[in-house]
Amino acid sequence: MGLTKKDDGKGEDAPEDPPVVKKLKEICDQCRDLKLEHEKKIAELEAEYAQKTRPLWDQRKEVLLTADGAAPATGTPALSGFWLQALQNHPAFEDLIQEYDAPVLEYLQDITTKLTDEKDSNVGFELTFHFATNPFFENTTLKKVYTTERTCIYRDEIDAKEVAADTINWHPNKDVTVEKVTKKQKGGAKKGKPKKEKEEPRPSFFRDFFRTLKTGVPLPEDAKMQAQMLSQEEEDEEMEEDDDEEELLRCLLENDLEIGQCLKDDIIPWAVRWYTGEAAPEGWDVEDEDDEEEDEDFDEDEEEESDDEPPRGGKGKGGGKGKGGGKGKKGGKEHKAGEEAKEECKQQ
């Protein structure tokens with residue numbers, strides 16, 4: 001298993017360890033070697049059982065894709081919106097998915113994962129989203145690759161070095177990651193002259209999750225804002241506007257890795273349990289068909305009350321702006337989305 005050496009904080013002039021510490025370190029190093037040997041055996045066993053599990057996941061996909069002629073033309077016709085609901089029922093994704101992302105995710109057929117190196121789980125993994133032909137973008141697959149490294153064996157820390165995501169090829173006027181905003185004209189608009197519109201980025205699962213994060217790739221302004229909010233949630237103090245971009249990148253990578261691990265370890269293996277809500281933490285409100293019917297009734301009432309109001313960018317279920325975009329309320333208790341996601345991943 002890979003081990004990355006880090007600076008232990010001791011300079012060349014640091015005092016030599018006393019004999020008793022040296023002896024204890026020798027014992028500790030033997031324990032470390034046994035741990036690495038143990039991890040190697042586990043990796044071999046996991047690789048063996050991954051080969052046995054994949055055919056079962058293929059069976060799951062076949063069941064979801066098999067339906068009679070009356071089934072809706074979505075990604076999973078046997079159970080429309082299967083993956084969308086499974087994702088929404090997980091704390092890591094519930095506030096990351098916006099209402100205008102949902103119609104796109106209806107075309108999601110499957111999500112698969114595999115380790116970059118089956119002999120070493122510390123070096124990374126990849127996630128692949130498989131889509132049916134849809135009116136939103138050309139891609140049939142969207143891949144995301146996490147490159148990770150073990151930074152400290154003594155704390156068992158795994159950090160993301162970079163995240164590479166496929167570019168989404170949106171069809172014209174179908175990009176849900178932007179919205180058209182009417183630009184105010186200086187001196188007031190003249191009668192009969194069309195108002196100028198421009199596209200502005202907005203929170204979206206397809207913007208925030210499928211974002212490449214690596215050193216040397218400049219962060220867009222919305223990503224910087226997200227990193228600042230995440231840091232504020234974790235440390236209860238606001239980042240300075242001129243914070244080092246490397247620190248902002250580190251914050252985004254850490255957050256993104258947590259979400260990716262939840263998808264890899266929780267949702268993909270136990271998808272139907274997340275779909276039904278059985279795997280959701282106690283007290284967590286889950287999506288079901290009754291909720292969707294109530295939402296549709298509520299939307300109809302809203303439309304009757306304000307027919308002239310133009311539709312604006314919506315927020316994810318629970319009122320959040322994505323994982324780093326504030327707090328949501330579930331089960332009568334207020335929580336931070338990032339903290340809840342981290343806690344849930346640890347429970348699995």
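A compact table of results
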{"quantity": "For the range 81-198, convex hull volume per residue from C-alpha positions, Å³", "calculated": "176"}
{"quantity": "Sequence-distant residues sharing a close amide H with Glu162 (under 5 Å, placed H)", "calculated": "Thr147"}
{"quantity": "Unit charges at the beta carbon, dipole of the range 1-142: most positive-side option, Thr140, Ser80, His38", "calculated": "His38"}
{"quantity": "Between the range 48-96 and the range 100-148, the Cα center-to-center distance that results, in Å", "calculated": "13"}
{"quantity": "Linear extension gain, Thr215 paired with Val21, 0.36 nm per residue minus alpha-carbon span", "calculated": "66.0 nm"}
{"quantity": "Point-to-point label distance, Asn173-Arg32, nm (Cα→Cβ direction, 7 Å offset)", "calculated": "6.2"}
{"quantity": "Cross-link pairs Lys180/Lys264; Lys198/Lys224; Lys25/Lys119; Lys143/Lys214 - those with Cα-Cα distance over 24 Å", "calculated": "Lys180/Lys264; Lys25/Lys119"}
{"quantity": "Mean separation of Cα contacts under 8 Å, 6 or more apart, over the residue count of the range 59-217: relative contact order %", "calculated": "16"}
{"quantity": "Order by protection proxy (mean Cβ within 10 Å, highest first), peptides 259-272, 82-95, 209-222", "calculated": "82-95, 259-272, 209-222"}
{"quantity": "Selection of GluC sites (Glu not before Pro), the range 118-152, meeting DSSP coil and at most 11 other Cβ within 10 Å", "calculated": "Glu138"}
{"quantity": "Two-site FRET efficiency, Thr141 against Glu282, from Cβ-Cβ distance with R₀ of 30 Å, rounded to 0.05", "calculated": "0.25"}
{"quantity": "³J(HN,Hα), Karplus 6.51/-1.76/1.60, whole Hz, each residue of the range 155-169, x for Gly, Pro", "calculated": "10, 6, 8, 10, 10, 7, 7, 6, 10, 10, 10, 5, 7, 8, 9"}
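Every number in this text was worked out from the coordinates using simple rules, so none of it is lab data. All values reported here derive from a predicted model rather than from experimental measurement. All Cβ positions, even for glycine, are placed from backbone atoms using ideal geometry, and neighbour counts span all protein chains on display.
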